[in-house]
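The values are calculated or read from the model by the stated rules, or taken from the named source; none is laboratory data. Predicted model, so just to flag it, every value in this text is computed and none were measured. Neighbour counts are summed over all protein chains in view; Cβ atoms, including those assigned to glycine, are modelled from backbone coordinates with ideal geometry. Quick note on the areas: whole protein, heavy atoms, side chains included, nothing else; ligands and nucleic acids left out. Shrake-Rupley method; radii C 1.70, N 1.55, O 1.52, S 1.80 Å.
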Amino acid sequence: MASYLDNDVKFLAGVGEARAKLLATELGVRTLGDLLHYFPFRYIDRAKVYGIKDVTEEVEDTYVQIRAQVLGKKIIGEGRGQRLSVTVRDRTGTTELVWFRGVKWIEKRLEPGREYVFFGRPHFFRGEFSMVHPEVEPVGGVSGEAQAGGLRDASRSDRPTASLQGVYHTTEKLTNLHLGTKGIYNLVCNMWPLVQGSIVETLPESLLTEQGLMGLKEALYNIHFPQSTALLKSAEYRLKFEELLGIQLDIQTKRTARINRDDGFVFPKVGEFFNRFWNEKLPFELTGAQKRVIKEIRADTVSGRQMNRLLQGDVGSGKTLVALMAMLLAADNGFQSCMMVPTEILARQHYASITKMVEGLGLRVGIITGASKSQERNLALEGAAEGYLDILIGTHALIEDRVQFANLGLVIIDEQHRFGVEQRAKLWTKNERPPHILVMTATPIPRTLAMTLYGDLEVSVIDELPPGRQPIRTYHKNDGDRLAVWGFMKREIAKGRQVYVVYPLIQESEKMDYKDLYDGFESISRDFPRPEYQVIAVHGKMRAEDKQQAMREFKDKQAQIMVATSVIEVGVDVPNATVMVIESAERFGLSQLHQLRGRVGRGGEQSYCVLMSGQKLSKEARQRLGAMVETNDGFELAEMDLRLRGAGDMAGTQQSGLAWELRIADLGRDQQIIEMTRQVASRILETDPMVTDPLLAALREKFTPRTPKDFSNIS
Ligand code: ADP
Ligand code: MG
């Protein structure tokens, strides 16, 4: 049914063609409905006015408003470099405001001696703050010029009013077209009177009453124009509830469907492969956690239902071995397995270690990657299709259509968060009956969340490291400490240990800049000269053979230092390496840092991680690095990561491998609502398992990931 909300946003006053295009590409806002659902990410109390001296570094990154008198103004520079500097004063102090754009226009409108309200984000330099491009409002209001992003006339009355002002995410390109946060707010103001009559309730009346939820129209009004803090809270709760309920309905119906199907392969036998491996090959005693998980997998694979299991285990907890034992079970029962990993290096490493571990058992293992030579590839393709291969290890190359299996019974995905939903799902369809699925990750999402949001997956946790591991010691250093760090590396190398030095890359795939890596490689080679030291470099753009060669040399201890980009982030296993130096550590996310750190501490020796950063760090970067120094616990770090990144970035749900896009719910902070909606959804499904209620059916539909129907059994 066509709705007024489907109208193109370009027809809205203050938009037009050019801005509409940018709104679509930058924010995904194409229709009035999109704009209506484009929520502020923060609010500021317009009644609160800061004294200039009270604006301290504590409030960095938040918006503040000050009320101050213009003392003086001057235009500095010419042409493109031109800027306007304005000095303002209130009762508590003075500060500088700066404009780089619209210089003449603003300059003309600021009268010395007059008082204005300035609103913006303070920046700090040596404890002093200034504001760049604050929004300006004359105190008491003036007539005239009310324009998106420019001076606002406070006396206009045809717009909605609010006690809290929403702050909207925007981008530099939009800001250049006068669609800064305030400009977007103005659009939302223009939109409201047009759309308010078209808002249709999405939750059943009975549910609203039972849960005491605010109606949709009132919630949308208050999310954009909060009439009070209490009403804002209710609005947020209602909108989050709706979103999380939709997800729960989706998850829980899928789970029921999967459990009710009884076409899972059965692996009744524990046979020759498994037993001989256990008795003759196992290089060490399994940890209690590993044994438990193997039992869980075994129970799944004899149940007659398809296994869909997530294995979470911190870096170095020994997931690979568990995966191998599951594959041995499959082979014992005449089924093939495949294992997909995110990088070439990791595929090679798994292939090498697995072939070595099963040597002499008669198990046939193949490998396929994008870089496979034709002989290797043909062997893999034919071996899989004809049933000759028991295990096929590979990268994304496994997904390709030409990879066919005679009898695929088990799919394992390592480092599953590195794959998209569709990529993962394509493997499920490599057999007519769905194979058992084991996805593994060392980037855990907090346990409570895993149980609820991955509701369609059974979750196993390896919460125990192999014995004899010593906790990695982590230090935060900066450039001034470099000599000391180099000295430390030399001492470790003298003990026969090896060292990684990792440099960040903004983007591993597109046009990129390896300058940091090359510079680093050069300076390290200079300070660690041959023949005493061997330094090698590895990065994503190297030819696959060269990469393999370098990895092999490092593993064989022919080099003591490996200089690398984060290609070594996942999975790389060289137990003799005991030092991980991470350059520009502030540029990595928390989970990535933890993954990188997990490359050391894999043997019995004390290992170290050194986080190098610049002196000046944002508050968040400081917290991140501080957290790394404080704890080695991946679960704790994951909790913190969720909290630090907050709602906005959780939409980048790739990190946790989730399939939904959340507009407002925050996986870190909204655990109570998640739990609440989980219960409500299961109650709904008890009485209405097919979800016949049209509103709830529509809600579920909205949160069903857009993947082909064959992929219906994924989360
Ligand atoms: P991850 O869970 O990060 O994938 P790996 O499977 O790579 O960890 O295992 C890390 C290291 O620990 C490997 O060198 C592996 O051989 C070793 N390992 C695994 N299980 C045990 C165990 N039970 N006892 C001792 N070492 C183990
Ligand atoms: Mg691993």
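Rounded to whole Å and sorted largest first, list the principal axis extents of the Cα atoms in segment 102-141.
Its Cα atoms span 32, 22, 16 Å along the three principal axes.
Take the Cα atoms of segment 473-631, build their convex hull, and give its volume per residue in Å³.
Roughly 111 Å³ of hull volume per residue.
Need the list of lysines near Lys702 for cross-linking: C-alpha distance under 21 angstrom, and skip anything on the same chain fewer than eight residues off.
Lys217, Lys240, Lys254
Accessible area per residue of segment 272-462 at 1.4 Å probe, in Å²?
35 Å²
Taking θ = phi - 60°, what integer Hz values does the Karplus form 6.51 cos²θ - 1.76 cosθ + 1.60 yield along segment 97-107, in sequence order, with x for Gly and Pro?
Result, ordered by residue: 10, 10, 10, 9, 10, x, 3, 5, 4, 5, 4 Hz.
Rounded if a/c is under 1.5, else prolate if a/b is larger than b/c, else oblate: which is segment 272-462, with a ≥ b ≥ c the root eigenvalues of its Cα gyration tensor?
Since a/c stays below 1.5, the shape of segment 272-462 is classed as rounded.
Can you give the extra length, in nm with one decimal, that the chain gains between Glu26 and Asp546 once fully stretched, where that is 0.36 nm per residue apart less the Cα-Cα distance?
Taking Glu26 through Asp546 to full extension adds about 183.3 nm, to one decimal.
With viscosity set to 1.567 mPa s at 4 °C, what whole-number translational diffusion coefficient in µm²/s follows for segment 175-219 from Stokes-Einstein and a Kirkwood radius over Cα pairs?
Stokes-Einstein gives a translational diffusion coefficient of 102 µm²/s.
Would you mind working out the accessible area per residue for segment 53-143, using a 1.4 Å probe, and quoting it in Å²?
I get 56 Å² per residue for this part.
Quick check: residue separation of Val270 and Arg473 times 0.36 nm, minus the Cα distance between them. What number comes out in nm?
Extending this stretch completely gives an extra 68.9 nm.
Report the antiparallel proportion of the DSSP beta bridges in the chain as a percent, rounded to a multiple of 5.
35 percent
Lysine pairs in segment 272-462 with Cα distance under 22 Å, only those 8 or more apart or on different chains: how many are there?
Final tally of qualifying lysine pairs is 9.
Give me the percent of the accessible area of the chain that comes from carbon and sulfur atoms, probe 1.4 Å, all protein chains in place.
50 percent
So how do 341-354, 65-78, 186-199, 102-115 stack up, highest first, on mean other-Cβ count within 10 Å?
Order by mean packing, descending: 341-354, 186-199, 65-78, 102-115.
Read phi for every residue in segment 619-630 and hand back ³J(HN,Hα) as whole Hz from Karplus 6.51 cos²θ - 1.76 cosθ + 1.60, θ = phi - 60°, with x for Gly and Pro.
4, 5, 4, 4, 5, 4, 5, x, 4, 4, 5, 6
Which whole-angstrom value gives the distance between the alpha carbon centres of segment 402-420 and segment 168-215?
42 Å
In what sequence, highest mean first, do 597-605, 672-680 appear when ranked by Cβ atoms within 10 angstrom?
597-605, 672-680
Let me test this: with uniform point scatterers at the alpha carbons of the chain, what is the Debye-based log₁₀ I(q)/I(0) at q = 0.05, 0.10 1/Å?
Values returned for q = 0.05, 0.10 Å⁻¹ are -0.31, -1.12.
In percent, what relative contact order does segment 53-143 have, based on Cα pairs under 8 Å that are 6 or more apart in sequence?
Reported as a whole number, the value is 32 percent.
What trypsin sites (Lys or Arg not before Pro) does segment 155-231 have in DSSP loop regions with at most 13 other beta carbons within 10 Å?
Hits after loop and neighbour filter: Arg156.
Non-local amide H neighbours of His476 (under 5 Å, H modeled in plane, Pro and chain starts lacking H): which ones?
Leu611
Expressed as a whole number of Å, what is the distance separating the alpha-carbon centroids of segment 484-501 and segment 95-118?
Here the answer is 56 Å between Cα centres.
So, for segment 495-624, what is the accessible surface per residue at a probe of 1.4 Å, expressed in square angstrom?
Value returned for segment 495-624: 43 Å² of accessible area per residue.
Please say if segment 53-143 is rounded, prolate or oblate, where rounded means a/c under 1.5 for a ≥ b ≥ c the square roots of the C-alpha gyration tensor eigenvalues, and otherwise the choice is prolate for a/b larger than b/c and oblate otherwise?
In terms of gyration-tensor shape, oblate.
When we measure straight from the Cα of Lys490, which aspartates and glutamates land under 12 angstrom away, once same-chain ones fewer than 8 places off are left out?
Asp527, Glu532
Tell me, how many Å apart are the Cα centres for segment 345-382 and for segment 236-302?
Measuring centre to centre over Cα atoms gives 25 Å.
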